[in-house]
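Inspection log for the structure reproduced underneath, given as structure tokens.
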Amino acid sequence: MARSMDFCVFSVLVTGSDRGIGLGLVKRFLELPCPPKWVFATTLDLEGEETKELRELACKHPNLVMLQLDVTNLEGIQAAQKEVQKCVGEGGLTILYNNAGIWLFNTLETENAKDMMHVYSVNTIGTLQMSQAFLPLLKKASQRSPCQGLSCSKAAIINMSSSMGSVEFMTYWVQCQMIGYRCSKAALNILTKCQSLQYSADGIMSVAIHPGSVSTTCNPIELRELVCKYPNLVVLQLDVTNLESIQAALKEVQKCVGEGGLTILINNAGTWAFNDLQTENAKDMMRVYSVDVIGTLQMSQAFLPLLKKAARRSPCQGLSSSKAAIINISSNGGSIELVAYWDQYKIIGYRCAKAALNMLTKCQSLEYPAEGIMSIAIHPGSVETADNPNPEISVEESTQGIMTVLSKLCEEDNGTFVDWLGRPIPW
């Protein structure tokens, strides 16, 4: 292999660049000692919230071009190819990095034709269509390159595969079967091999890369490993905005807990959109509100019977998290008095949602004590998660603090708003 300092390419295109590995690759290319003249980053939604960091990069780097692209849509692929052609001209495209991919958590029992075709269309067919469309530009790059043999500095197709597509290794089988995903990656591996046989005569190399089990927003493997380690951990599929999904989850929990009920309901699911007073809009505000507030209400309503069961069976006197409790994860960004982090980000819809959530928590604290159920809102801190641009504490620090708070909750804490260290926050 060549030394990294020798790595110099004219142009590169990375699909699925709005987050995770794709975004990380874009950053690494831009940080090269000799960065590409052109870095093309594709995303499904140019104006989406998940694309915010990529848009900020594009403002800082004039050689970064964002493209809207769905790899399953031929017209979209052709439109993207034309835009790239305008930029690179006769220089061609040096590297096509097929990173876009999806997965679904289906087992041999639950896998179905619709889901399998959806995953296959993105992970395998999408890669084929991208490679076909950009082949002429890859050939141009190869023809103009002074490099001998095959290399990424000359022309290359890099397909993002997975060790889960290895028929020999079958990695993570115990943690997650993911039949459609495995099949699509095995198919992608043979596609890569076919490309390597066909395109080498044109000076184009083809390689499949397993990126490792990466900590991204959609990586469930750590959770699956916890399931194997802790038999009392049950993973449930749930969309808090979907009543049918909530009812299905409720039934699963009911089967497990029986007459023991549910002691603590932690409403942690939430979302946000980085809109200010000028860019905030009805669609984004309703989406955030539906998850952060209505979702919490629906979860509390659905699981209330199980919380009541836990309270009735508890020997504890008064209110406490050892008896029965609803814990709503709020934010000091929703504090009307503090309006925390205003200078860093406005996030209007999120602030309104959290203020509303605080009111919901207060209402619950007035209604449910008669049933032996306490309600409290907790600000977890500015936590180091994938979508937080300005973290102040780690997930470990936040969750350890919250656990300590939960262990100390008593009747006087009902209907209060505190942070992860138990410090009161003004409404």
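The values are calculated or read from the model by the stated rules, or taken from the named source; none is laboratory data. Since we're looking at a predicted model, the values are computed, not measured. Neighbour counts are summed over all protein chains in view; Cβ atoms, including those assigned to glycine, are modelled from backbone coordinates with ideal geometry.
Condition check: at pLDDT 95 or above and of a type outside the set (A, V, I, L, M, F, W, C). Does Gln85 satisfy that? Walk me through how you get there before you give the answer.
Numbers: at pLDDT 95 or above: yes; of a type outside the set (A, V, I, L, M, F, W, C): yes.
Against the criterion (at pLDDT 95 or above and of a type outside the set (A, V, I, L, M, F, W, C)), Gln85 qualifies.
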Among the residues of the range 402-411, is any among the β-branched types (Val, Ile, Thr), free of Cβ contacts under 8 Å to residues at least 60 places away in the same chain, within 30 Å of Arg312 (Cβ to Cβ) and surrounded by fewer than 17 Cβ atoms within 10 Å (Cβ to Cβ)? yes
Which of the numbered conditions does Leu137 fail, given that it passes all the others? Conditions: (1) modelled with pLDDT under 95; (2) farther than 20 Å from Leu30 by Cα; (3) touching a Leu at 6+ places or on another chain (Cβ under 9 Å); (4) among the aliphatic types (A, V, I, L, M). (1)
Of (1) in a helix (DSSP H, G or I); (2) at pLDDT below 95; (3) not small (Gly, Ala, Ser), Pro35 satisfies all except one. Which? (1)
Looking at Lys114, Lys154, which one is of a type in the set (Lys, Arg) and crowded, with 19+ Cβ neighbours inside 10 Å? Lys154
Regarding the range 293-308, can at least one residue be identified that is surrounded by 20 or more Cβ atoms within 10 Å (Cβ to Cβ) and within 22 Å of Glu412 (Cβ to Cβ)? yes
If Tyr199 meets every condition in (1) in contact with an Asp or Glu (Cβ under 9 Å, 6 or more places away or on another chain); (2) aromatic (Phe, Trp, Tyr); (3) closer than 30 Å to Ser11 by Cβ apart from one, which number is that one? (1)
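Does Lys283 satisfy the condition of being of a type in the set (Lys, Arg) and under 23 Å from the mean Cα position of the chain (by Cα)?
Working: of a type in the set (Lys, Arg): yes; under 23 Å from the mean Cα position of the chain (by Cα): yes.
So Lys283 passes the test.
Going by the structure shown, is Ser398 in a strand (DSSP E or B) and buried (at least 16 other Cβ atoms within 10 Å of the Cβ)?
Values: in a strand (DSSP E or B): no; buried (at least 16 other Cβ atoms within 10 Å of the Cβ): yes.
Spelling it out, it is not the case that Ser398 is in a strand (DSSP E or B) and buried (at least 16 other Cβ atoms within 10 Å of the Cβ).
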State which residue is surrounded by the fewest Cβ atoms within 10 Å (Cβ to Cβ) when the search covers only the range 23-36 and only residues that are more than 15 Å from Cys152 (Cα to Cα) and in contact with a strand residue (DSSP E or B) (Cβ under 9 Å, 6 or more places away or on another chain). Leu30
Have a look at Ala353, Ala324 and point out the one that is out of contact with any His (no Cβ under 8 Å at 6 or more places or on another chain) and within 17 Å of Glu411 (Cβ to Cβ). Ala324
Counting only residues that are under 17 Å from Val9 (Cα atoms) and out of contact with any Ser or Thr (no Cβ under 7 Å at 6 or more places or on another chain), the range 52-91 contains a total of 10
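Got a sec? Which of Lys323, Lys362, Lys283 is more than 24 Å from Val235 (Cα to Cα) and touching a Ser or Thr at 6+ places or on another chain (Cβ under 9 Å)?
Working: Lys323 fails: more than 24 Å from Val235 (Cα to Cα); Lys283 fails: touching a Ser or Thr at 6+ places or on another chain (Cβ under 9 Å).
Exactly one of Lys323, Lys362, Lys283 is more than 24 Å from Val235 (Cα to Cα) and touching a Ser or Thr at 6+ places or on another chain (Cβ under 9 Å), namely Lys362.
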Name the one entry in Glu384, Glu396, Glu371 that is among the charged types (D, E, K, R) and modelled with pLDDT of 90 or more. Glu371
Regarding the range 311-328, can at least one residue be identified that is in contact with a helix residue (DSSP H, G or I) (Cβ under 7 Å, 6 or more places away or on another chain), without any contact (Cβ under 8 Å) to a residue 24 or more places away in the chain and not aliphatic (A, V, I, L, M)? no
Six or more apart or on different chains, Cβ under 7 Å: which pairs go from a residue in the range 359-385 that's within 17 Å of Ile294 (Cα to Cα) to one that's of a type in the set (D, E, K, R)? Could you list them? Ile376/Asp413
